[in-house]
Amino acid sequence: MTNNNKEIKIKSGKSSLSEFVEKKLASDEEVQAFDDYLESEARDEAIEESLTEIYQDDNGQRVNVKKLDVKKERRWLKWLVSLMVGLILLAGAIYTGSYLYLLYGSGTQAVSLGIEGKKQIAAGEEFFYTVSFRNNERVAMKDIEIKLTYPENFVFLASEPAASEANDIWRLAEVGAHRSATIKIKGKLIAEAGTTQILLADARYLPANFSSQFKKSASRETTINDIGLNILASSAASAVVGEESEIIIKYKAKEINYLTNWQLTIDHPDNIELLKTAAAPATNGTTTSNIKQTAANVWQFNQISANEQELKIKFKVKEKKDTSVDLTLRLEQKVSDQAGDKYYQFWSKTLSYETRQSGLNINLIINGSAFNQGIDFGQTLNYSINYANKSEANLKDIIIMAVLEGDLLDSSSLKTASGQVSDNTISWSKNEIPKLALLAPNAEGIIDFSIKIKPASEVSVGSSQIKSYVQFSLAGQEIGANETNRSNIIVNKINSDLSLIEQVCYFNNDNFPIGSGPLPPKVGQTTSLKVYWVISNNLHELADLTVVSQLPSYVSWDNKNSNTAGNLEYDEQSNKVIWQIDRLPLSASNVKAEFNIKITPTSSDLNKILVLLPATLVSATDSETQTAITKTMTAQTTKLKDDNIANTDGMVE
């Protein structure tokens, strides 16, 4: 047997354990270096895995990047698309810009729409609206429609050209470039004074070669500055149930008036009964036969003249439903057309009455009127108390008390035959008037007294009115404040302090001659003098202010006239100078007028003082008190009393 075992030799030396034990430990630097190595190896493996994922085909096999086919990008296609889009945008911009330039030119409005017409007119005055449609551009405007919205109180009369539809729509086929079209409308406005009426215009049009419609609008305001009438409605402040009450309407046409035919309508509740009417004569003696009652509450007025006329309408409160009752007066003009009749209101007023119910009928009258009225400083107020037993039984131990509220009265000026005065009251009983002990049915009586208004210098600021009424009690009972035992109430308001300063001068305040000719006047020679009128007014607004001076036959108008308000005119036929101001608000200042007059004395005037302005008259209506104010100036003569520089005795030489 062959022995294949080789000889085993055991190397003598140190063991592995001993070598490990004897080996040196790694330092901190070596450990850190080893850690860095491991981290680097880990990063390399991560990168390798990422690249493998990137460079592999759809089957998961690694791709040989050396054999990859690179496909070139088609940049020319993107460039072509961008170019086409740019050209389209540029073409659109050029088209839009060209069209807008053709349409709007250098920046002006393509179309202008305007309305012309009077800013202020009188009620009923005929006038024109002119509507203009102008094409300001280089292209035509087609399919134009202009629609007008008239004020509610507008009366259409005619138009040129005629309307296409319903007097308010006009259709135009075309208005060429830089051309215009005009519509002229004739009509009138019937409305209350002070109201503003607005006309609206809308134009729709289509520019040539354009599919969208455009719109343009315009408006015009017109104010009613006057109704051409002086009208005043007055009545007592209260009404007794079952007794007749009265409304007084005074009216006249102004110099400029377009409403000569109209109707009065009174609106009232069902517990009011309108009674017969009475037309008083006009100031020139003519009657009001031009008034016709067409219904229970309607009166037709025809051909109103410049002479003041008066209509009295009586009514009765049938039963007391409330403490007060209102009646509304309306003035309207009827206009008839194809659509029928339409009424246009141009004046209205509501009268309020306190309703009273009593067996003793008692009424208060001041200066002949039971209505509210204006008063002046220093004026005397004459009071009358009318009392009557309207019941079927005797009334015993009646006490009547007049109440005068307000600090305008001068108590020291009171004049009365009897009565007990206490503060602002005056009382009468059977002790002062024996018949008040027992007043039989239908028996009546009157109590009169008077008192003055203080002068303006003694009145404090804020005192402007006096409220007066009468109360009573029966059977000697104390008088209580309630409407069942009270008379009508009268409120007297202080009229505005209208005044006119009138001067006739040869020199002005600067010693400069504003007249001409000899002074004093000489026979056969002409002397010209300046007349100054200055109006002052501080309390209330005034209406229909007029200053009239009747020149003597030997005094002539010499022109050189001017005025700051209203109209100053000379009537050659009547030889009158007339200054008219329709409305004088409190804000008006420096209201003055001036003109020259001239005289040429004759031999019969030698050594005489001649009257230049006999008695200038100034009148107006107080808008607050509704009272006519009239004042007369003293005569102006050749003495020229207001010219301190002239220093003449006025005697003709």
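The values are calculated or read from the model by the stated rules, or taken from the named source; none is laboratory data. As the structure is a computational prediction, the values presented were derived from the model and not from experiment. With ideal geometry, Cβ positions are generated from the backbone for all residues, glycine too; neighbour counts draw on all protein chains shown.
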From the list 132, 164, 112, 180, which one is touching a Gly at 6+ places or on another chain (Cβ under 6 Å), small (Gly, Ala, Ser) and farther than 30 Å from residue 543 by Cα?
132
Only one residue in 511, 537, 495, 561 is out of contact with any strand residue (DSSP E or B) (no Cβ under 9 Å at 6 or more places or on another chain) and of a type in the set (S, T, N, Q). Which one?
511
Go through 615, 620 for me and flag whichever is buried (at least 21 other Cβ atoms within 10 Å of the Cβ) and of a type in the set (Gly, Ala, Ser).
620
Can you go through 544, 510 and tell me which one is under 30 Å from residue 352 (Cα atoms) and charged (D, E, K, R)?
544
What number of residues within region 209-263 satisfy the criterion of being closer than 30 Å to residue 110 by Cβ and buried (at least 16 other Cβ atoms within 10 Å of the Cβ)?
4
Between a residue in region 498-512 that is without any contact (Cβ under 8 Å) to a residue 40 or more places away in the chain and any residue that is in a strand (DSSP E or B) and of a type in the set (A, V, I, L, M, F, W, C), which pairs come within a Cβ distance under 9 Å, given they are 6 or more apart or on different chains?
501/533; 501/534; 501/535
Please work out which one of (1) under 30 Å from residue 651 (Cβ atoms); (2) of a type in the set (Gly, Ala, Ser); (3) part of a strand (DSSP E or B) is the condition residue 543 fails and give its number.
(1)
Scanning region 192-208 for residues that are among the hydrophobic types (A, V, I, L, M, F, W, C) and surrounded by 15 or more Cβ atoms within 10 Å (Cβ to Cβ), which turns out farthest from residue 153 (Cα to Cα)?
208
Of all residues being at pLDDT below 90 and within 29 Å of residue 626 (Cα to Cα) in region 325-354, which is surrounded by the most Cβ atoms within 10 Å (Cβ to Cβ)? Just the residue, please.
353
Please enumerate the residues belonging to region 355-372 that are surrounded by fewer than 17 Cβ atoms within 10 Å (Cβ to Cβ) and part of a strand (DSSP E or B).
369
Residues of region 596-612 being among the hydrophobic types (A, V, I, L, M, F, W, C) and either within 24 Å of residue 582 (Cβ to Cβ) or surrounded by fewer than 17 Cβ atoms within 10 Å (Cβ to Cβ) (or both), in sequence order, are 606, 609, 611
Within region 221-275, considering only strands (runs of 3 or more DSSP E) that don't extend past its boundaries, which have at least 3 residues that are out of contact with any Leu (no Cβ under 9 Å at 6 or more places or on another chain)?
238-240
The condition of being farther than 22 Å from residue 254 by Cβ, of a type outside the set (A, V, I, L, M) and either surrounded by fewer than 15 Cβ atoms within 10 Å (Cβ to Cβ) or at pLDDT below 90 (or both) holds, among 558, 571, 510, 582, only for 510
Have a look at 400, 447, 466 and point out the one that is under 39 Å from the mean Cα position of the chain (by Cα) and either at pLDDT 90 or above or not assigned by TED's automatic domain parsing to the domain that holds residue 375 (or both).
466
Quickly run through region 373-402 and pick out the residues that are buried (at least 19 other Cβ atoms within 10 Å of the Cβ), hydrophobic (A, V, I, L, M, F, W, C) and under 29 Å from residue 464 (Cα atoms).
375, 381, 385, 400, 401, 402
Filter region 551-605 for residues that are in a loop (DSSP other than H, G, I, E, B), over 20 Å from residue 504 (Cβ atoms) and of a type in the set (A, V, I, L, M, F, W, C) and give the result.
565, 586, 588
Criterion first (modelled with pLDDT of 90 or more and closer than 21 Å to residue 516 by Cα) does residue 545 satisfy it?
no
Members of region 627-647 that are modelled with pLDDT under 90 and assigned to a strand (DSSP E or B):
628
Somewhere in region 517-534, is a residue within 30 Å of residue 373 (Cβ to Cβ) and either at pLDDT 90 or above or not in a loop (DSSP other than H, G, I, E, B) (or both)?
yes
Give all pairs with beta carbons closer than 6 Å in which a residue from region 625-643 that is over 12 Å from residue 611 (Cβ atoms) meets a residue that is loosely packed, with under 14 Cβ neighbours inside 10 Å; count only pairs at least 6 apart in sequence or on separate chains.
632/615
